[in-house]
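Input: a single structure, listed below in structure tokens.
The values are calculated or read from the model by the stated rules, or taken from the named source; none is laboratory data. Fair warning: this is a prediction, and the values are worked out from it, not measured in the lab. Cβ: placed from backbone, ideal geometry, glycine included. Neighbour counts: every protein chain shown.
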Amino acid sequence: MARSIDWETSLTKAKGKAKKKERLILTDFYNDLCIGCQQLAATTYLDSNVCFYVESHFIPLQVDFNKNRALVKRFGVKWTPTVVILDADGDEHYRSIGFLKPEDSAGQIMLGRGKTEFNLDHLEEAVQCFQEILVRYPKTDAAPEAQYLLGVSKYKASHDPKELKLGFEVLQKDYPQSEWTKKAQVYALIPSTP
């Protein structure tokens, strides 16, 4: 039997569980008539890697776009599928719009978790998320941003600017055409330490 995600349907209950279990909330805004939503349900959300990661790090919350207009309005959702990552207080930290196949979706979910941990100043957890993306999903669109944020997170934790420069050097080598490489190019100006 295929594994699937056990979705919560109430934000209030999801927040309570998130606080109790010290997890984030992965919120999937869906519409039954949406082909992207149907494909997420049929492929991505049945993928064992995606299921395991979501179950291990999140309280999954699914919101029907047509039936829960209050949450749709609160989060300004205009299109489905939209995945929003919330902290345990229900504050948004990350958003992804549209269908992605399992590998790409897993990378984006990890990126969202890493960015949320970064925003919450949980730098060690953020570094772990970004490193995991680079090891498990180096060919996904999430990887260059993860590499950029890995350098930034390491810098924020150590206050050593060499982390920014090292991050840029990896971006330049592995993802030369990425916008994240362009954003990091200023770090090439950081002097090398002897």
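Just to be sure before I move on: is GLN131 assigned to a helix (DSSP H, G or I) and either under 23 Å from PHE58 (Cβ atoms) or not assigned by TED's automatic domain parsing to the domain that holds ASP89 (or both) in the structure I sent?
yes
Is there a residue in segment 95-102 that is among the small types (Gly, Ala, Ser), part of a loop (DSSP other than H, G, I, E, B) and buried (at least 17 other Cβ atoms within 10 Å of the Cβ)?
Checked against the condition, which is being among the small types (Gly, Ala, Ser), part of a loop (DSSP other than H, G, I, E, B) and buried (at least 17 other Cβ atoms within 10 Å of the Cβ), segment 95-102 yields no hits at all.
Considering each residue of segment 32-56, count those that are surrounded by fewer than 17 Cβ atoms within 10 Å (Cβ to Cβ) and either out of contact with any Pro (no Cβ under 8 Å at 6 or more places or on another chain) or under 27 Å from GLU22 (Cβ atoms) (or both), and give that number.
Counting residues in segment 32-56 that are surrounded by fewer than 17 Cβ atoms within 10 Å (Cβ to Cβ) and either out of contact with any Pro (no Cβ under 8 Å at 6 or more places or on another chain) or under 27 Å from GLU22 (Cβ atoms) (or both) gives 12.
Looking at (1) within 16 Å of VAL54 (Cβ to Cβ); (2) out of contact with any Pro (no Cβ under 9 Å at 6 or more places or on another chain); (3) among the small types (Gly, Ala, Ser), which one does ALA143 not meet, given that it meets all the others?
Condition (1) is where ALA143 drops out.
Quick one: which of VAL84, VAL170 is of a type in the set (A, V, I, L, M) and either out of contact with any helix residue (DSSP H, G or I) (no Cβ under 7 Å at 6 or more places or on another chain) or assigned to a loop (DSSP other than H, G, I, E, B) (or both)?
On inspection, the qualifying residue turns out to be VAL84.
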